[in-house]
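*Asks:* Dropping a structure here in structure tokens format, bear with me for questions.
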Amino acid sequence: MLTLKYIEENAALVVERLKVKHFDAAAIVQQIQEANQQRKETQARVDALKAEMNRLSNEIGQLFKEKKMDEANRAKMKTVELKDEIKALDTTFADTEAKLNELVVQLPNLPHQLVPEGRTAEDNLEIRSGGIIPQLPEGKKPHWDLIQQYDIIDFELGTKLTGAGFPVYKGKGAKLQRALISFFLDEGEKAGFLEVQPPILVNEDSGFGTGQLPDKEGQMYHATADNLYLVPTAEVPVTNMYRDVILSEDQLPVKNMAYTPCFRREAGSWGAHVRGLNRLHQFDKVEIVEIAHPDHSYEILDSMVAHVENLISKLELPYRIIRLCGGDMSFTSAMTYDFEVYSAAQERWLEVSSVSNFETYQANRLKCRYKGKDMKKPELAHTLNGSALALPRIVAAILENNQSPEGIRIPKVLVPYCGFELIS
RNA sequence: GGAGAGAUGGCAGAGUGGUCGAUUGCGGCGGUCUUGAAAACCGUUGACCGUGCGAGCGGUCCGGGGGUUCGAAUCCCUCUCUCUCCGCCA
């Protein structure tokens, strides 16, 4: 969420910038200003009353010590009325703060200056592309057919065990998963990321910290008996490691990565275009997360983009990097790059990574701050994250692009991890 | 799952109704001494909100929430978590 202070000082700018996201903030901002004014006035009054109360209490204590019981009792009488007033005002104050908070969380993050105008994916800006789109022979097959042909992933079996969208990987299919995860983690380590293995069930506080709650509750699987949520991405546990933390400036940037399975309910988003591996309820992903100094977060965003690009290049997949337009960006992001790889049998671009700078938006909710030696107060840090990478669509593209009558060729970098060169 | 103990500032650890945001030690920061460093000594050392140009002033915070009281770190209720012993177990 945006900070109150920022909204207060830049009300017009907030409204203006959010137009890029096609969000009309005028009414909410005005309500925030009013509620904030009320909050301040209420606090001034209640603080004055409390100060008076504290003064009286001390006085009474003093009188008791001096055994002046009559005077003490007289002073006590004066506190009765004060107490009621304070109680009433405290309630008003709490209500106002709650209302204020409710309003503030409705505002999305401000897009960065470089974010293009636009409403839909059509308006996104291609930054660059790489790799070569393969010319497949007649009779090319989409990955769901190849999967069956080589018996490496079993969707029906997963349906039997759990339900649609929970595939069972078998044999070389399973090994390929393991190879990709190891490859991604090893590359991440070379790039300076510290590997962590977080829990894949998180509590409510963590859900709120990264913004999945309260709005996107329906996206997560909920273990109600213990009130825990299955993570939709490692972003949730990894970023929440820094909830309520004040880092020292020289610890920045913090670079973490984690492999986790990810669970998404994806309610109501099924259809022909999500066949096979294109969309699943459970999938594997390596996520990179950085906590950055505000002055350097965009350099870091670029370095994360470079890291992801390096992974895709090494996998020999044709890709393009896209800067999302205002309308296509997430609620919480200030700038997002999507990576898409070309899946040559479906003849479609598939999103395999999304790399974002949230600036202070997440950090404010998380209360993730840093403090330098010369700083009087801690300041909010910037948080960034990205997929590096999500497996299923990478697998889909590898299968489709590398197919031949002899079988599916494994990209060179994965061969040492797989122990085979061909799925046949 | 059963029984017991506990949760205090970056850490350790006092404090059981009255100027306690909290003794003390360690750590951190600044200084004296030193060619430099260590040691020693001196000083300093939390977060949040409001108010003020500012020095400052006021308020809140001793795991979370509620209560008793003029007054709560301290008493009561409740929730969460941690530790010890027993049971179970990868």
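The values are calculated or read from the model by the stated rules, or taken from the named source; none is laboratory data. Please read all numbers here as calculations on a predicted model, not as lab measurements. Cβ sites come from the backbone with ideal geometry, for glycine too, and all protein chains shown count toward neighbours. Side chains included, ligands, DNA and RNA excluded: accessible areas come from the protein's heavy atoms. Shrake-Rupley method; radii C 1.70, N 1.55, O 1.52, S 1.80 Å.
*Asks:* Tell me which of these A:Arg119 doesn't satisfy, since it passes every other one: (1) within 15 Å of RNA strand B (Cβ to nearest atom); (2) modelled with pLDDT under 90; (3) open to solvent by 60 Å² or more (accessible area, probe 1.4 Å); (4) of a type outside the set (A, V, I, L, M).
*Replies:* Only one criterion is unmet by A:Arg119, namely (1).
*Asks:* So the check is Cβ under 7 Å with 6+ separation or different chains; which pairs have a first residue in region A:68-83 that's open to solvent by less than 100 Å² (accessible area, probe 1.4 Å) and a second one that's more than 7 Å from RNA strand B (Cβ to nearest atom)?
*Replies:* Matching pairs, first to second residue: A:Glu71/A:Leu63; A:Ala72/A:Leu63; A:Ala75/A:Glu59; A:Ala75/A:Leu63; A:Leu82/A:Leu49; A:Leu82/A:Glu52.
*Asks:* Sticking with this one: Counting only residues that are touching a residue at least 40 places away in the same chain (Cβ under 8 Å) and more than 26 Å from the chain's Cα centre (by Cα), which one in region A:373-400 is most open to solvent (accessible area, probe 1.4 Å)?
*Replies:* A:Lys373
*Asks:* May I pose another question? Surrounded by fewer than 18 Cβ atoms within 10 Å (Cβ to Cβ), without any contact (Cβ under 8 Å) to a residue 12 or more places away in the chain, within 15 Å of RNA strand B (Cβ to nearest atom) and within 30 Å of A:Lys76 (Cβ to Cβ) - does that describe any residue in region A:9-23?
*Replies:* no
*Asks:* Follow-up question, since we're still on this one. Would you mind finding the one in A:Ala75, A:Ala48 that is of a type in the set (Gly, Ala, Ser), assigned to a helix (DSSP H, G or I), within 14 Å of RNA strand B (Cβ to nearest atom) and at pLDDT 90 or above?
*Replies:* None of the others qualify; the one that does is A:Ala48.
*Asks:* Please enumerate the residues belonging to region A:359-372 that are open to solvent by less than 10 Å² (accessible area, probe 1.4 Å) and not small (Gly, Ala, Ser).
*Replies:* A:Tyr361, A:Gln362, A:Leu366, A:Cys368
*Asks:* Could you run through region A:325-346 and say how many residues are of a type in the set (A, V, I, L, M) and open to solvent by 10 Å² or more (accessible area, probe 1.4 Å)?
*Replies:* Residues flagged as of a type in the set (A, V, I, L, M) and open to solvent by 10 Å² or more (accessible area, probe 1.4 Å) within region A:325-346 amount to 2.
*Asks:* Of these, A:Asn58, A:Asn36, which one is out of contact with any His (no Cβ under 6 Å at 6 or more places or on another chain), open to solvent by less than 90 Å² (accessible area, probe 1.4 Å) and near RNA strand B (Cβ under 8 Å from one of its atoms)?
*Replies:* The unique qualifying residue is A:Asn36.
*Asks:* Only one residue in A:Asp205, A:Asp226, A:Asp186 is open to solvent by 30 Å² or more (accessible area, probe 1.4 Å), over 30 Å from A:Pro108 (Cα atoms) and at pLDDT below 90. Which one?
*Replies:* A:Asp226
*Asks:* Shifting gears a bit: Do any strands (runs of 3 or more DSSP E) lying entirely in region A:278-357 carry at least 1 residues that are over 17 Å from A:Ala191 (Cα atoms), among the polar types (S, T, N, Q) and in the same structural domain as A:Gly173 (by TED's automatic domain parsing), and which ones are they?
*Replies:* Those strands (runs of 3 or more DSSP E) span A:282-292, A:335-343.
*Asks:* Of the residues that make up region A:401-417, is at least one without any contact (Cβ under 8 Å) to a residue 12 or more places away in the chain, more than 19 Å from A:Asp338 (Cα to Cα), assigned by TED's automatic domain parsing to the domain that holds A:Gln148 and of a type in the set (A, V, I, L, M)?
*Replies:* Looking for residues that are without any contact (Cβ under 8 Å) to a residue 12 or more places away in the chain, more than 19 Å from A:Asp338 (Cα to Cα), assigned by TED's automatic domain parsing to the domain that holds A:Gln148 and of a type in the set (A, V, I, L, M), one finds at least one in region A:401-417, hence yes.
*Asks:* With respect to A:Leu107, determine if the residue is open to solvent by less than 50 Å² (accessible area, probe 1.4 Å), in a loop (DSSP other than H, G, I, E, B) and either farther than 30 Å from A:Leu311 by Cβ or of a type in the set (Phe, Trp, Tyr) (or both).
*Replies:* Considered against the rule, which asks whether it is open to solvent by less than 50 Å² (accessible area, probe 1.4 Å), in a loop (DSSP other than H, G, I, E, B) and either farther than 30 Å from A:Leu311 by Cβ or of a type in the set (Phe, Trp, Tyr) (or both), A:Leu107 comes out as yes.
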